[in-house]
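Written out below as structure tokens is the structure these notes cover.
The values are calculated or read from the model by the stated rules, or taken from the named source; none is laboratory data. All values reported here derive from a predicted model rather than from experimental measurement. Counting neighbours? That spans all protein chains shown, and the Cβs are built from the backbone with ideal geometry, glycine included.
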Amino acid sequence: MKPTLVILAAGMGSRYGGLKQIDKVGSGGEAIIDFTMYDAIKTGFKKIVLIIRKEHEELFEENLIKHVRPFVEVEYAYQDLNDIPEGLSVPEGREKPWGTTHALLACRNIVKEDPFVICNADDFYGRNAFEKVMAFFNESTDDKEYCMCGYRLYNTLSDNGTVTRGFCENKDGYLSNIKEVMQIKKDGDKAAYMEDGQWISCDPNVTVSMNFWGFKPSIFASLNELFIKEFPEGVKNNPLKYEALLPNDVGTLVKSGQCKVKVLTSKDNWFGVTYKEDKPIVVAKIAAYKEKGIYPSKLWEKE
């Protein structure tokens, strides 16, 4: 088994105000994605696939990947707006790609044999999440059994604006339902989200998906079939903003019995940079990890 790390890095960072995937947060010039790759390598992952926009390849290579190549195999996959079901066309004025499911499908011809983790480029997950998923890969023998690593909702909220999270329900340790909820904010020591123009209170302790999934290559056929099926109606209803979202689509596959997803939880704290104002908090947390010796002062120096 040669597990692969797949990273969703094709977003434009509109709320952040720039390409946050390469924004430096570590004292050694590291971005959050550096720590994700470092943790994966330390846990035994053998290959990294970055899903990016083709026009950003030089930026990623120069700022991130050239430092990583001495340690692990790295390959790019490109999320392309024109990669859509045959016979259909991109609506006039559409600029945004088709969501996280579409992004994952960009590497369907690259990741063919081994299990893989897919996660976001701008989220810090901690090494324990990789350890939990690696243990799952070593134990699971069912080709249609996947996993996810979840986090407590309140610990994933920003002080600087609303966020989108996948609310999870599980039964006997397996995912039974997941719903992508948008516009979630802190509400004192609780949480609330906007729906139909009203703020609705929600459980701050609910387990949420932060797009940290452990999949096997069998997921590609299932997601591709679902994407082809739902794309025409989605584009018809919302031509400029329709997206196929990975949490929602995994939930659909679970409900239809096409797969099962074991729910894992990490002992580490998640943090990330949704907004520019989140960055100082992330910088401080990364510095604290280095001071404790969890990470070296410079990640990609030869030991």
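Condition test on Phe167, is it part of a strand (DSSP E or B), surrounded by fewer than 22 Cβ atoms within 10 Å (Cβ to Cβ) and in contact (Cβ under 8 Å) with a residue 40 or more places away in the chain?
Values: part of a strand (DSSP E or B): yes; surrounded by fewer than 22 Cβ atoms within 10 Å (Cβ to Cβ): yes; in contact (Cβ under 8 Å) with a residue 40 or more places away in the chain: yes.
Judged against the criteria, Phe167 is a match.
In the stretch 21-36, the residues that are at positive phi form no Cβ pair under 7 Å with any partner that is among the aliphatic types (A, V, I, L, M) and in a helix (DSSP H, G or I), whether six or more places apart or across chains. Thr101 meets each of the listed conditions (1) modelled with pLDDT under 95; (2) crowded, with 18+ Cβ neighbours inside 10 Å apart from (1).
In the stretch 226-253, the residues that are closer than 22 Å to Cys149 by Cβ form Cβ pairs under 7 Å with partners that are among the basic types (Lys, Arg), at six or more places apart or across chains, as follows: Gly251/Lys179. Filtered by the rule that a residue be part of a loop (DSSP other than H, G, I, E, B), more than 16 Å from the chain's Cα centre (by Cα) and at pLDDT 95 or above, the stretch 203-238 gives Pro217, Asn238. Residues of the stretch 38-72 that are closer than 21 Å to Asn138 by Cβ and in contact with a helix residue (DSSP H, G or I) (Cβ under 8 Å, 6 or more places away or on another chain): Asp39, Ala40, Lys42, Thr43, Gly44, Phe45, Ile48, Val72.
Filtered by the rule that a residue be hydrophobic (A, V, I, L, M, F, W, C), in contact with a strand residue (DSSP E or B) (Cβ under 8 Å, 6 or more places away or on another chain) and more than 17 Å from Ile228 (Cβ to Cβ), the stretch 238-272 gives Val254, Cys259, Val261, Val263, Leu264, Trp270, Phe271. Only one of the numbered conditions (1) more than 26 Å from Leu5 (Cα to Cα); (2) assigned to a strand (DSSP E or B); (3) free of Cβ contacts under 8 Å to residues at least 12 places away in the same chain is violated by Trp199, and that is (3).
For (1) crowded, with 19+ Cβ neighbours inside 10 Å; (2) modelled with pLDDT of 95 or more, each residue gets a yes or a no:
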position	(1), (2)
Ser256	no, yes
Val263	yes, yes
Tyr275	no, no
Ile281	no, no
Ser297	no, no
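The condition (being basic (Lys, Arg) and buried (at least 16 other Cβ atoms within 10 Å of the Cβ)) is satisfied by just one residue among Lys179, Lys132, Lys190: Lys132.
When we screen Met148, Met194, Met182 for residues that are in contact (Cβ under 8 Å) with a residue 24 or more places away in the chain and either assigned to a helix (DSSP H, G or I) or under 25 Å from Val6 (Cα atoms) (or both), the only hit is Met148. Suppose we keep only residues that are of a type in the set (Asp, Glu) and crowded, with 20+ Cβ neighbours inside 10 Å within the stretch 104-126. Which one would you say is modelled with the highest pLDDT? Across the stretch 104-126, the extreme among qualifying residues is Asp123.
Among the residues of the stretch 64-84 satisfying the criterion of being acidic (Asp, Glu) and in contact with a Lys or Arg (Cβ under 8 Å, 6 or more places away or on another chain), which is farthest from Leu105 (Cα to Cα)? First the steps, then the outcome.
From the stretch 64-84, those acidic (Asp, Glu) are 73, 75, 80, 83; that's our starting set.
Of the ones still in play, those that are also in contact with a Lys or Arg (Cβ under 8 Å, 6 or more places away or on another chain) are 73, 75, 80.
Values: Glu73: 20, Glu75: 15, Asp80: 10 Å.
That would be Glu73.
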